[in-house]
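> My questions all concern the structure below.
The values are calculated or read from the model by the stated rules, or taken from the named source; none is laboratory data. Values in this document were obtained by computation on a predicted structure and should not be read as measured data. Glycine also receives a Cβ, built like all others from the backbone with ideal geometry; neighbour counts cover every protein chain displayed. Heads up: the accessible areas ignore ligands, DNA and RNA and are worked out on the full protein's heavy atoms, side chains in. Shrake-Rupley method; radii C 1.70, N 1.55, O 1.52, S 1.80 Å.
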Amino acid sequence: MKAVVLKSYGGLDALEVRDVPPPTPKADQVLVRVHAASVNDWDWEMVRGQSLVVRLLHGLFRPKVPVIGCDIAGRVAALGEGVKAFRVGDEVYGDLCMQGFGAFAHYACASEAGLAHKPAGMTFEQAAAIPQAGMLAVQGLIDVGQIRPRQQVLLNGAGGGVGTFALQIAKNLYDAEVTAVDRADKLDMLRALGADHVVDYRREDFTRSGRSYDLILDVKTDRAPWAYARALSPRGTYATVGGHIPRLLQTAIGGWLMSRWSTRRLRVVGLKPNKDLAYVNQLFEAGQLRPIIDRPYTLANIADAFRRFGAADHQGKIVITIG
């Protein structure tokens, strides 16, 4: 099968499309013929190899994970022993980040519990855009952020996958007043999705604007915890789903310290892969949520896809059509 192999850390030149043997499903696993996959922050960090955490988890000097990629959508090609929830030919999708990765290939193995049935009206590209970004949006807003109707909500880094899902959830389900923060070239798209206010972060620092928010959902974590706390209402919550590891550690420690003397909360969202796929299916089928997909890519130009992702030029999710 064709697969994108990460030969070494350090850059896009290390990505190579190769012929490799297809995986064989073990007990309680499903072999999926992958039709689409999407790019996530963790994929980009593995390619760069600049994070010590990534290297400790996936190989200190060279990647132990040959085929990267988390989010897949495709058809069940074979079943391992004991699989009961799926049949050959079922259309499925899910996140492989806790299952060994392998999304950027013609075939990938996934645990039975790590997949969901794809709704008939959802394309493979739409399905591949959902698992990681959709879960972070749901878990950040609802589980950790405890969003309530008509709150003042700010989304920092709103123009990517997590942000575009979170914007639709906050508006369509909670009638929140949403402020979306990103680059100027993404603001029209965010207005079209329903943002009440937009902020070009290159021109304005929302933490110094004087406005306060009941809930801030952040995908960047590019400021000190105290700056975010300044933009929260007295009982507001800041929840971050991504960013550089040192800032995330700062936020976790700062949030614990702040809880000793303040009613404001700072939280780091720990992803629970695939937990809310059934819920997202319901939202999709009800017309309350749709993936926003950037320009089309294939395995042949996957380096271009990563380059666009790394530059943060994309709007919504970058999806790779596998075939």
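> Among the numbered criteria (1) under 30 Å from G323 (Cβ atoms); (2) at pLDDT below 95, which one does G210 miss?
The single condition G210 does not satisfy is (1).
> While we're here: Determine which member of the set G49, G10, G82 is modelled with pLDDT under 90 and more than 21 Å from the chain's Cα centre (by Cα). Break it down into steps so the answer makes sense when it comes.
On the way: G49 fails: more than 21 Å from the chain's Cα centre (by Cα); G82 fails: modelled with pLDDT under 90.
After ruling out the rest, the residue left standing is G10.
> Can you name every residue in the stretch 173-213 that is surrounded by fewer than 21 Cβ atoms within 10 Å (Cβ to Cβ), within 22 Å of the chain's Cα centre (by Cα) and within 20 Å of P225 (Cβ to Cβ)?
The one that is surrounded by fewer than 21 Cβ atoms within 10 Å (Cβ to Cβ), within 22 Å of the chain's Cα centre (by Cα) and within 20 Å of P225 (Cβ to Cβ): Y201.
> I want to confirm something. Restricting to the stretch 282-298 and keeping residues that are on the phi < 0 side of the Ramachandran plot, at pLDDT 95 or above and more than 16 Å from the chain's Cα centre (by Cα), which single residue is surrounded by the fewest Cβ atoms within 10 Å (Cβ to Cβ)?
Across the stretch 282-298, the extreme among qualifying residues is A286.
> Taking the stretch 8-45 on its own, how many of its residues are farther than 24 Å from M135 by Cβ, touching a Pro at 6+ places or on another chain (Cβ under 8 Å) and not hydroxyl-bearing (S, T, Y)?
Of the residues in that region, 1 qualify.
> Here is a further query. Any residue that is without any contact (Cβ under 8 Å) to a residue 40 or more places away in the chain, under 30 Å from V4 (Cα atoms) and surrounded by fewer than 19 Cβ atoms within 10 Å (Cβ to Cβ) - is there at least one of those in the stretch 247-260?
Within the stretch 247-260 (the criterion being without any contact (Cβ under 8 Å) to a residue 40 or more places away in the chain, under 30 Å from V4 (Cα atoms) and surrounded by fewer than 19 Cβ atoms within 10 Å (Cβ to Cβ)), the answer is yes, since at least one residue qualifies.
> Quick one: which of R18, R33 is free of Cβ contacts under 8 Å to residues at least 60 places away in the same chain and either of a type outside the set (D, E, K, R) or part of a strand (DSSP E or B) (or both)?
Step by step, each of R18, R33 is checked, and only R18 is free of Cβ contacts under 8 Å to residues at least 60 places away in the same chain and either of a type outside the set (D, E, K, R) or part of a strand (DSSP E or B) (or both).
> Next up: Go through the residues of the stretch 153-164 one by one and say whether even a single one is within 11 Å of the chain's Cα centre (by Cα), assigned to a helix (DSSP H, G or I), under 21 Å from A231 (Cβ atoms) and of a type outside the set (S, T, N, Q).
Yes.
> Looking only at residues in the stretch 214-229 that are farther than 22 Å from A170 by Cα and open to solvent by 50 Å² or more (accessible area, probe 1.4 Å), which one is nearest to the chain's Cα centre (by Cα)?
D222
> A further question on this structure: Does any residue in the stretch 306-322 that is closer than 14 Å to A184 by Cα come within less than 6 Å, Cβ to Cβ, of a residue that is part of a loop (DSSP other than H, G, I, E, B) and of a type outside the set (K, R) six or more places away or on a different chain, and which pairs are these?
H314/D294; Q315/G159; Q315/D294
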